[in-house]
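So the structure is just underneath, and the comments pick up after that.
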């Protein structure tokens, strides 16, 4: 299965990324996404899709999930990611489901293709908290 995006830039670094489901401004302008914003956002989107699919199959109910994702790059050129931390906050989890939710998220890290791709170059870690 192929994924496709299109990017159009002006004569500088300002552009538009267009994908199947929408578009976003990219570049250094206010409100635009930088390259690693898109990478880390892609990680969050992939993890969430995978996680939600797993908890749906396990019939676990939650109210929502928030992700705070930080990527630290190496100083050596090329400045690839060295470490990625995903802070996950899950709302509306019944106490009796907490262990199953954590197992489901761990499973999501194994099945999320973006997480697995980034794990080839960066140390990946996550924390889970509840609200």
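Does residue 121 satisfy being within 19 Å of residue 73 (Cβ to Cβ) and in contact (Cβ under 8 Å) with a residue 40 or more places away in the chain? Yes: the conditions hold for residue 121. Could you count how many residues in the stretch 81-113 are surrounded by 13 or more Cβ atoms within 10 Å (Cβ to Cβ), in contact (Cβ under 8 Å) with a residue 40 or more places away in the chain and not in a strand (DSSP E or B)? The total comes to 9.
Would you call residue 65 outside any helix (DSSP H, G or I) and in the same structural domain as residue 101 (by TED's automatic domain parsing)?
Numbers: outside any helix (DSSP H, G or I): yes; in the same structural domain as residue 101 (by TED's automatic domain parsing): yes.
It is true that residue 65 is outside any helix (DSSP H, G or I) and in the same structural domain as residue 101 (by TED's automatic domain parsing).
What about residue 108, is it over 19 Å from residue 40 (Cα atoms), modelled with pLDDT of 95 or more and in contact with a helix residue (DSSP H, G or I) (Cβ under 9 Å, 6 or more places away or on another chain)? No, not satisfied.
Quick check on residue 47: is it surrounded by 14 or more Cβ atoms within 10 Å (Cβ to Cβ), under 24 Å from residue 22 (Cβ atoms) and not assigned by TED's automatic domain parsing to the domain that holds residue 17? Reasoning before the result, please.
On the way: surrounded by 14 or more Cβ atoms within 10 Å (Cβ to Cβ): yes; under 24 Å from residue 22 (Cβ atoms): yes; not assigned by TED's automatic domain parsing to the domain that holds residue 17: yes.
Yes: the conditions hold for residue 47.
Considering every residue within the stretch 50-57, establish whether at least one is in contact with a strand residue (DSSP E or B) (Cβ under 6 Å, 6 or more places away or on another chain), surrounded by 16 or more Cβ atoms within 10 Å (Cβ to Cβ), within 30 Å of residue 129 (Cα to Cα) and in the same structural domain as residue 109 (by TED's automatic domain parsing). Scanning the stretch 50-57, I find no residue that is in contact with a strand residue (DSSP E or B) (Cβ under 6 Å, 6 or more places away or on another chain), surrounded by 16 or more Cβ atoms within 10 Å (Cβ to Cβ), within 30 Å of residue 129 (Cα to Cα) and in the same structural domain as residue 109 (by TED's automatic domain parsing), so the answer is no.
Checked against (1) farther than 19 Å from residue 124 by Cβ; (2) within 16 Å of the chain's Cα centre (by Cα); (3) in contact (Cβ under 8 Å) with a residue 12 or more places away in the chain, residue 58 meets all criteria but (2). Among the residues of the stretch 18-28, those that are outside any strand (DSSP E or B) and loosely packed, with under 12 Cβ neighbours inside 10 Å comprise 20, 21, 28.
Test of understanding: among 116, 125, which residue is under 16 Å from the mean Cα position of the chain (by Cα), under 24 Å from residue 35 (Cβ atoms) and assigned to a helix (DSSP H, G or I)? Write out each step before concluding.
Values: 125 fails: assigned to a helix (DSSP H, G or I).
Being under 16 Å from the mean Cα position of the chain (by Cα), under 24 Å from residue 35 (Cβ atoms) and assigned to a helix (DSSP H, G or I) holds for just one of 116, 125, which is 116.
For residue 38, indicate whether it is modelled with pLDDT of 95 or more and part of a helix (DSSP H, G or I). It is true that residue 38 is modelled with pLDDT of 95 or more and part of a helix (DSSP H, G or I).
The values are calculated or read from the model by the stated rules, or taken from the named source; none is laboratory data. Note that the coordinates shown come from a computational prediction; the quantities given were computed from them, not determined experimentally. So basically every Cβ, Gly included, is an ideal-geometry build from the backbone, and we count neighbours across all protein chains shown.
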